[in-house]
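A short write-up of the structure that comes next.
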Amino acid sequence: MSASNTNGTPAGKALVIGIVGIALTLVGIAVSGGAKVAFSWLTAMTFWTGIGIGMLMLIMIHHIMDANWSTVIRRQFEHGISAFKWLGILFIPLVVASIMDPSVLWKYFDTSYDLGAIGGHGLVGEDVLYTKKSGMLNFNFFLGATVLSFVGWSCLANRFRRCSFTQDTDGDIIWTRKSRFWSAVGLPFTAVTLTLCVILWVKALDYHWFSTMYGVWFFANCIRAALAVGILIMCWLWTRGDYKGVLNTNHWYSIGMLSFAFTVFWAYVTFSQYFLIWNANVPEETFWYNLREMNNTTGEANQWKWVGMLILFGHFFFPFLGLISYPAKVSKKWMKFMATWILTIVFVDILYNVWPSKKVTTDMVESGHGFGLGVGDPLPFLAIHQLWTLTALIGIGGICAWAYFKSFPTAKLIPIRDPRIGEALTYHE
């Protein structure tokens, strides 16, 4: 089926959904203000870009490990990473917003910003913790790293797609070798850039905070989300009949095992970070968790603490128990549910990392526009301003889905002339 940009095709429908979501998010600027919409847009951008990064990493790991079973699902990730160039364009509004108001998101862009407005002391430019990090925490470095990352990810995506799609035509093994070369180059590049970007985009919202594991935490979320999307695509294509006769029980089991493994990996990284910070008890580190656990003035638990508990049990214990058995991993209905659950919790995890940084100021409290960090306030992700997080999620997601559906009919369902395709189709444990 052709996936042209008409409204009757999956690509056309996804594009309409994306445009409507973006338009509604723009309405949020007039209703709730630019700062709230900027935080919503950043949350959605980080989530969808993370999925793209996870797909790219899985493709490179596949090539560098010379894997066989994943050959039959690799093509869907190759379609997915076609969204990088559009994600780069969709990041531009955040850059423009920061030029218009340097402190709208990242306070360190404005050295004259008064930290006292959010419970700090003095101006950003006089802050010793900013001074020590100013070589990295500045607009030029931020913009350069972001542009380099999106350009690099887009180029890598183009390389892998070209090598894979061209091999379907001529069957030349040179394309497999080129893919391995670009994987060897791309893995360290992507590891560094995903770490840089999540530090500059999310962690530096509270630039006082120190964490040596933040990039690894984001990597774990990227892979988990990408695997979840991969499982949902497998279920969709199986239901349509495309993957029947292609996938066998062992393919489902293997992707389920990967999802289980990265569930444990995420838990290890996240617990290690929390435990080390709790044990060291250094104010420059503990304050980040304090914001997400207690009210600064009363010391009572705030709503973010319960979001944190949801992440603890929903991100680890439930998926751990839900994926540990063999029957669970090979049940298409159950894996579809688990993939949806994991995607939802990954998004909540991103939300948990972004939104508490938008601290309540005196002016916000007096005007009734607080951000849900107080004990009596409504849950932050149910408040009216979080509606724009949902519209941003739908808008950017619609564009990513459009990119996937637009690419889908341009290549075979599976890499039919890949040298490992025979092993992939007859894969057994």
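The values are calculated or read from the model by the stated rules, or taken from the named source; none is laboratory data. In this text, all values refer to a predicted model and were calculated from it rather than measured experimentally. Note that each Cβ is placed from the backbone with ideal geometry, even for glycine, and that neighbours are counted across all protein chains shown.
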Kindly indicate the residue of region 101-128 that is in a helix (DSSP H, G or I) and without any contact (Cβ under 8 Å) to a residue 60 or more places away in the chain and also surrounded by the most Cβ atoms within 10 Å (Cβ to Cβ) among those meeting that condition. VAL124
Every residue in region 410-429 that is in contact (Cβ under 8 Å) with a residue 24 or more places away in the chain and more than 13 Å from GLN76 (Cα to Cα), please. ILE416, ARG417, ASP418, PRO419, ARG420, ILE421, GLU423, ALA424, LEU425, TYR427, HIS428, GLU429
Looking for something surrounded by 14 or more Cβ atoms within 10 Å (Cβ to Cβ), under 13 Å from PHE47 (Cβ atoms), at pLDDT below 95 and within 26 Å of the chain's Cα centre (by Cα) - is there at least one such residue anywhere in region 387-403? yes
Does LEU200 meet the test of being under 15 Å from LEU58 (Cβ atoms) and touching a helix residue (DSSP H, G or I) at 6+ places or on another chain (Cβ under 7 Å)? no
Could you tell me which of the residues THR212, THR195, THR249, THR239 is exposed (fewer than 15 other Cβ atoms within 10 Å of the Cβ) and either closer than 23 Å to PHE39 by Cβ or under 23 Å from the mean Cα position of the chain (by Cα) (or both)? THR212
ILE89 fails exactly one of the following numbered conditions: (1) in a helix (DSSP H, G or I); (2) at pLDDT below 95; (3) among the β-branched types (Val, Ile, Thr). What is the number of that condition? (2)
Report whether or not ARG240 is at pLDDT 95 or above and charged (D, E, K, R). no
Check whether at least one residue in region 235-253 is of a type in the set (A, V, I, L, M, F, W, C), over 17 Å from LEU321 (Cβ atoms) and in contact with a Lys or Arg (Cβ under 6 Å, 6 or more places away or on another chain), and report yes or no. yes
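Per-residue answers, yes or no, for (1) part of a helix (DSSP H, G or I); (2) modelled with pLDDT of 95 or more; (3) over 18 Å from ALA220 (Cβ atoms):
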| position | (1), (2), (3) |
| --- | --- |
| TRP304 | yes, no, yes |
| GLY308 | yes, no, no |
| ILE311 | yes, no, no |
| LYS336 | yes, yes, yes |
| ALA339 | yes, yes, no |
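One line per residue, one yes/no per condition, for (1) crowded, with 20+ Cβ neighbours inside 10 Å; (2) part of a helix (DSSP H, G or I); (3) within 15 Å of the chain's Cα centre (by Cα); (4) of a type in the set (A, V, I, L, M):
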position	(1), (2), (3), (4)
GLY52	yes, yes, yes, no
MET57	yes, yes, yes, yes
ASP66	no, no, no, no
GLY80	yes, yes, yes, no
VAL95	no, yes, no, yes
Give me the pairs, please: first residue somewhere in region 315-326 and closer than 11 Å to ILE345 by Cα and in contact (Cβ under 8 Å) with a residue 40 or more places away in the chain, second residue anywhere and polar (S, T, N, Q) and in a helix (DSSP H, G or I), beta-carbon distance under 7 Å, and either six or more positions apart or on two chains. PHE316/THR263; PRO319/THR263
Kindly establish whether LEU137 is buried (at least 17 other Cβ atoms within 10 Å of the Cβ), touching a residue at least 12 places away in the same chain (Cβ under 8 Å), in a loop (DSSP other than H, G, I, E, B) and aliphatic (A, V, I, L, M). yes
Let me confirm something: among PHE160, PHE181, which residue is touching an Asp or Glu at 6+ places or on another chain (Cβ under 7 Å), at pLDDT 95 or above and of a type in the set (A, V, I, L, M, F, W, C)? PHE160
For region 70-86, which positions are among the polar types (S, T, N, Q) and either over 9 Å from TYR404 (Cα atoms) or at pLDDT below 95 (or both)? SER70, THR71
When you check VAL151 against the structure, is it outside any loop (DSSP other than H, G, I, E, B), without any contact (Cβ under 8 Å) to a residue 24 or more places away in the chain, more than 30 Å from THR426 (Cα to Cα) and of a type in the set (A, V, I, L, M), yes or no? no
